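Have a look at the structure below, then the notes.
Nothing in this text is a laboratory measurement; each read-out follows from the coordinates by a stated rule. Owing to the predicted nature of the structure, the values given are computational and were not obtained by experimental measurement. Please note: Cβ atoms are built from the backbone with ideal geometry, for glycine as well, and neighbour counts cover all protein chains shown.
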Amino acid sequence: MSPTSLPHHRPQTPDDFAQARASIAPLQKALDACRARRGAASFTVAWMSDIHLHAPRPYDGDMGFYGNRVDCSANFRLALAELAALTPLPDLLVLGGDLADGGCGGEAPGDEFAELGRLLRAALPPGLPTLAISGNHDHADRPLSAAWHRAWHAAAPHPWPVSPDSDDYYFAHRLGGWRIIGLDSRQNHPLSAPQRAWLANELVRDPATPTLVLVHRPLLTVGNWVDDFRLQDRATFDLLDAAPAVRAVWSGHTHLPRAWCYRGKKHVIFPALAYGIPGPCGWGVGVFSRDRLEALFVKPLAGPWFDGVAFTSRLSARQVRRLPFRAYTAHPLYNPCLLPADKR
């Protein structure tokens with residue numbers, strides 16, 4: 001096949017960014033009210049994932065429907081403009097995997113991570129800390145190469161944690177009295193044995209600190225076709241399920257948001273910035289107290305978004321959504337043959 005160029009898109013204008021910043025008002029109001037109730041000890045974490053960035057060059061062969069129809073870099077710029085309009089800024093931005101696009105067959109090319117770095121340096125609000133986890137489009141099912149690590153860390157606007165294992169990218173981090181664990185969920189595979197052993201040791205070593213787990217592929221279902229490609233890893237599920245310190249698990253991957261309460265833990269699946277399956281593109285913010293995830297908000301991306309089910313562009317609603325944590329065991333998506341039913 002001949003090379004396929006990136007799709008032609010209307011250049012973004014000052015009006016686009018002004019509308020993006022103005023669209024933050026409902027989220028700002030909701031966060032202000034939540035902070036007022038929770039007090040000074042609360043902190044906020046923003047999440048953006050499934051960005052699916054392409055490098056600005058011709059690609060060989062078919063880029064897929066969103067590669068041909070969606071300007072993923074433009075979507076990310078708009079999301080960062082929205083985030084920058086919040087006052088105060090969140091305490092952390094998590095980049096939740098599938099930041100690049102071309103790694104499903106192995107590893108994403110380095111110039112896709114270079115595009116991530118370019119956009120972060122151009123549009124990330126100054127002083128905002130970030131963490132990043134890898135998704136199946138960042139690397140698929142193979143151990144990571146040294147070139148991948150170089151490209152990944154070169155994209156970071158400030159140093160990201162170094163993984164204890166060069167084959168996968170995972171880490172532990174501290175923020176606001178919480179521990180944040182980032183995991184690497186390879187495509188169509190459970191966690192590697194070394195990563196799971198590290199996770200088990202981390203949870204045993206510190207069994208008390210409230211913990212947020214970040215993993216691109218969710219453990220629970222959402223109700224679209226991507227459920228077949230969730231993290232089907234009972235051994236890892238049982239580790240997290242048995243750890244009282246784990247209060248929340250955040251994921252992306254499905255391009256469809258859900259919030260579940262399951263056996264004392266809050267499982268959050270965020271929307272995508274590239275396209276929906278179905279549902280608007282967007283990003284999210286969680287409000288944390290000393291020991292729990294108090295509230296969760298999803299911000300639809302200002303402007304049109306691509307529906308990967310209806311295969312058409314739609315206009316986003318501008319209203320922020322506060323996602324309630326529904327009981328997973330009371331929902332038809334729950335399968336008691338696969339996951340435990342009784343509450344500990």
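Quick check on the exposure proxy: order S23, S192 from fewest to most C-beta atoms within 10 angstrom.
S192, S23
Over all directions, how big on average is the projection of the convex hull of the alpha-carbon atoms in segment 1-157, in square nanometres?
With the hull built on Cα positions only, its mean projection is 10.6 nm².
Give me the net charge of A156's neighbourhood, meaning all other residues with Cβ under 14 Å from the Cβ of A156; Lys, Arg count +1, Asp, Glu -1.
Local charge sum for A156: +1.
So what are the ³J(HN,Hα) numbers for segment 48-64, from phi and the Karplus equation (6.51, -1.76, 1.60; θ = phi - 60°), rounded to whole Hz, Gly and Pro as x?
Working through the residues one at a time gives 9, 8, 6, 7, 6, 5, 10, 6, x, 7, x, 10, 7, x, 7, 8, x Hz.
Suppose R0 equals 35 Å; then what is the FRET efficiency for A22 and V162 from their Cβ-Cβ distance, rounded to the nearest 0.05?
It comes to 0.35.
Measuring from centroid to centroid over Cα atoms, what is the spacing of segment 35-66 and segment 115-133 in Å?
If we compute the Cα centre of each part, the gap is 11 Å.
Translational diffusion coefficient, Stokes-Einstein: compute it for segment 195-319 using the Kirkwood radius over C-alpha pairs as Rh, at 37 °C and 0.692 mPa s, and state it as an integer in µm² s⁻¹.
For the chosen part, D equals 211 µm²/s.
Of P218, P324, W198, which is farthest on the positive side of the dipole of the chain, counting Cα position, with +1 on Lys and Arg Cβ, -1 on Asp and Glu Cβ, and the Cα centre as origin?
Farthest towards the positive pole: P324.
Could you give the distance between the Cα centres of segment 163-204 and segment 248-268, to the whole Å?
The distance from the Cα centre of segment 163-204 to that of segment 248-268 comes to 18 Å.
Output the direction-averaged projected area (hull surface divided by four) of the convex hull of the alpha-carbon atoms of the chain, in nm².
Approximately 16.6 nm², given one-decimal rounding.
Counting alpha carbon pairs within less than 8 Å and at least 6 residues apart, what relative contact order, in whole percent, applies to the chain?
Relative contact order comes out at 17 percent.
What value, in deg cm²/dmol to 500, does the helix sum -39500 (n - 2.57) over DSSP H runs of n ≥ 4 give at 222 nm once divided by the residues of the chain?
-7500 deg cm²/dmol
Assuming 0.36 nm per residue, please report the length gained on full extension of the stretch R290 to A197 beyond their Cα-Cα distance.
30.7 nm
Between D15 and Q319, what is the label-to-label distance in nm when each label sits 7 Å out along the Cα-to-Cβ direction?
2.6
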